[in-house]
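A short worksheet on the structure shown next.
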Amino acid sequence: PEVFAVHLEQAQKSGLTVPLKLVVLQANSKGLIEGLAALHQSLGVEIVKAIPESAGGGKEEAVNVLNQEVQNRTQGQCQVLVGTTEVPDAILVVGNQPDPMFLLQAVGQLAFKVRRKKAAYIVILGGSGPA
């Protein structure tokens, strides 16, 4: 088998990949729901891939509730999914110990250029807001 390596700048100029950006949202349910809805509205994020519980992420039931709330806020135009095969616009990193191999694979998938995507986003949870 042959392996073809492309430098990052060349891949971006060729339209193969997009830059990755880090987004920090408040670590409470309201901040997360509003933050993901705002990412859809301001940046066009349509598919958010959540790390599955088997890879150290959140529980699937919690992700399903989050997905329903985000879809309600975005009229069904933004989804939060576990185990999606579609190339996401963002990855949601939650959980105590995400699997490093899963993260590497997810970030590689995240960087693919699809749809109108100009950038991809790694979403992490920060502080819970004002004390």
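A few remarks follow.
- Residues in region 34-68 that are free of Cβ contacts under 8 Å to residues at least 40 places away in the same chain and either open to solvent by less than 10 Å² (accessible area, probe 1.4 Å) or among the β-branched types (Val, Ile, Thr) (or both): 63, 65.
- Search result, residues across region 13-48 that are under 15 Å from residue 69 (Cα atoms), modelled with pLDDT under 90 and touching a Leu at 6+ places or on another chain (Cβ under 6 Å): 31, 32
- Qualifying residue in region 86-109 (condition: at pLDDT 90 or above, under 12 Å from the mean Cα position of the chain (by Cα) and of a type in the set (Gly, Ala, Ser)): yes
- Total residues in region 72-100, condition open to solvent by 50 Å² or more (accessible area, probe 1.4 Å) and not β-branched (Val, Ile, Thr): 11
- Among the residues listed as 107, 123, 114, the single one being of a type outside the set (Lys, Arg), touching a strand residue (DSSP E or B) at 6+ places or on another chain (Cβ under 6 Å) and touching a residue at least 12 places away in the same chain (Cβ under 8 Å): 123
The values are calculated or read from the model by the stated rules, or taken from the named source; none is laboratory data. Please read all numbers here as calculations on a predicted model, not as lab measurements. When we count neighbours, we look across all protein chains shown, and the Cβ atoms used for this are built from the backbone with ideal geometry, even at glycine. Surface areas here come from the heavy atoms of the whole protein model, side chains and all, with no ligands, DNA or RNA. Shrake-Rupley method; radii C 1.70, N 1.55, O 1.52, S 1.80 Å.
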